[in-house]
Amino acid sequence: MSREKILNELQKVQYPGLDKSIIDLKIVEDVKVDNEKPVITLSMQNDEAYNILESRLNDLFNGDVEVKRKALTQKKSMNYGNTANPNNRAPYAKRVIAVTSGKGGVGKSTVSVNLSVALAQKGFKVGLLDADVYGPNVPRMTQVADEKLKWNDNNKIVPSENFGIKIMSVGLTTPSSDTPLVWRSSVAVSALIQFLEDVDWGELDFLVIDMPPGTGDIQLTMAQELPITAGVIVTTPQPVALDDVSRAIMMFKDINVPIRGLVENMSFFIAPDTKKRYDIFGKGGGEDTAKRYDIPFLGKIPLDMQIREFSDNGTPPVAMGDKLQKGYYKNIVDNLLKQIL
């Protein structure tokens, strides 16, 4: 088999989780033929991604291939920082805001999107990184779900843009919207570091990170790899959610992330016909939790059918809603900026 034919075959091999070949990503360091057997050297750092590619190459060449590995030695460091003295993998961003929650389904991504758009409406340059790798909802909420990754002439990933913000999500890397990301945490962490370092974000006033729920590897890694300016916690008034959000608060405190506020989502429901208020998930839980842990309370967002519809349609309510709906998010951003500017 000729070297040219081998390279043509390698063009078909995609990097795990990305819609781009290992040739395009310049991972193939060298290709030789030894006694008619392909010898392929890959230049890469991530162990699990290498193991996946090694298996794919063996399948591609029916086991008649030798795969070697050359560890990266260039400028990109995979030496993790620590929470006391974190790395700064986003020097292009003046401030980093990490939005998290104790549990899923409380509206964390909705808050992240509308917080980002509200900051952009104030004239700030804003990037939104969807770090919720197993449930990336930001593409739908910003109307970029049909877009795929693109690379510029400097081999940097070009972020999507809409509503005045730059957007990057792992949801933009999959062949279809229902493709599951069956990744171990180390692969997910490696992908997020790539989104920090290999995306052409430009100069940003704010990088907003939509974290996954809970207290896991992603939260810890972001605190090690970025000097986070502000942690924002999202919860509902429901005691079950508050139990989990208390753990998220304590994790942020333990890993030295400054918590600049708590947002209570789905706070109440106003019946559209009678205008009667219903406290479906309880009342006052968010404010009480903020007081208990001595963190600022940034504001409440009601359970509003139109807010849900706007979010599902990819039209953030802070941009497309009525004055009252926009006001919920603008008030939260105003209160947050008082903490960090």
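Confirm whether S169 is open to solvent by 10 Å² or more (accessible area, probe 1.4 Å) and either within 20 Å of L115 (Cα to Cα) or without any contact (Cβ under 8 Å) to a residue 40 or more places away in the chain (or both).
No, not satisfied.
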Which pairs do you get when a residue that is part of a loop (DSSP other than H, G, I, E, B), found in region 40-68, comes within reach of a residue that is of a type in the set (K, R) and at pLDDT 90 or above, reach meaning Cβ atoms under 7 angstrom, with the pair 6+ apart or on two chains? D64/K37; V65/K37
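Among T73, T83, which is the only one that is modelled with pLDDT under 95, of a type in the set (S, T, Y), out of contact with any strand residue (DSSP E or B) (no Cβ under 8 Å at 6 or more places or on another chain) and open to solvent by 40 Å² or more (accessible area, probe 1.4 Å)?
Just one listed residue meets the conditions, T73.
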Residue by residue through region 155-176, note down the ones that are farther than 23 Å from D205 by Cα and either touching a Gly at 6+ places or on another chain (Cβ under 7 Å) or assigned to a strand (DSSP E or B) (or both). T173
Checking the conditions here, which among K156, K122, K150 is in contact with an Asp or Glu (Cβ under 6 Å, 6 or more places away or on another chain), surrounded by fewer than 21 Cβ atoms within 10 Å (Cβ to Cβ) and not small (G, A, S)? K156
Restricting region 16-34 to residues that are at pLDDT 85 or above and assigned to a loop (DSSP other than H, G, I, E, B), which is most open to solvent (accessible area, probe 1.4 Å)? I23
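If only one of I218, I255, I259, I270 is open to solvent by 10 Å² or more (accessible area, probe 1.4 Å), free of Cβ contacts under 8 Å to residues at least 40 places away in the same chain and over 25 Å from Q306 (Cα atoms), which one is it?
Criteria check complete, one pass: I259.
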For the subset of region 229-247 comprising residues that are crowded, with 24+ Cβ neighbours inside 10 Å and under 28 Å from R89 (Cα atoms), which member is farthest from the chain's Cα centre (by Cα)? V245
Can you name the residue in region 202-215 that is crowded, with 21+ Cβ neighbours inside 10 Å and more than 10 Å from the chain's Cα centre (by Cα) and is also modelled with the lowest pLDDT among such residues? P213
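Would it be correct to say that A188 is within 11 Å of the chain's Cα centre (by Cα) and surrounded by 16 or more Cβ atoms within 10 Å (Cβ to Cβ)?
Judged against the criteria, A188 is a match.
Residues that are over 25 Å from A84 (Cα atoms), within 14 Å of the chain's Cα centre (by Cα) and at pLDDT 85 or above: does region 171-178 have at least one? Reasoning before the result, please.
Kept after step one, since they are over 25 Å from A84 (Cα atoms), are these residues of region 171-178: 171-178.
Add one more test, that the residue is within 14 Å of the chain's Cα centre (by Cα), and what stays is 171-173.
Within this subset, residues satisfying the condition of being at pLDDT 85 or above are 171-172.
Checking region 171-178: at least one residue is over 25 Å from A84 (Cα atoms), within 14 Å of the chain's Cα centre (by Cα) and at pLDDT 85 or above.
The values are calculated or read from the model by the stated rules, or taken from the named source; none is laboratory data. Keep in mind that what you see is a predicted model, and the values were worked out from it rather than measured. With ideal geometry, Cβ positions are generated from the backbone for all residues, glycine too; neighbour counts draw on all protein chains shown. Heavy atoms of the whole protein, side chains included, go into the accessibility calculation; ligands, DNA and RNA do not. Shrake-Rupley method; radii C 1.70, N 1.55, O 1.52, S 1.80 Å.
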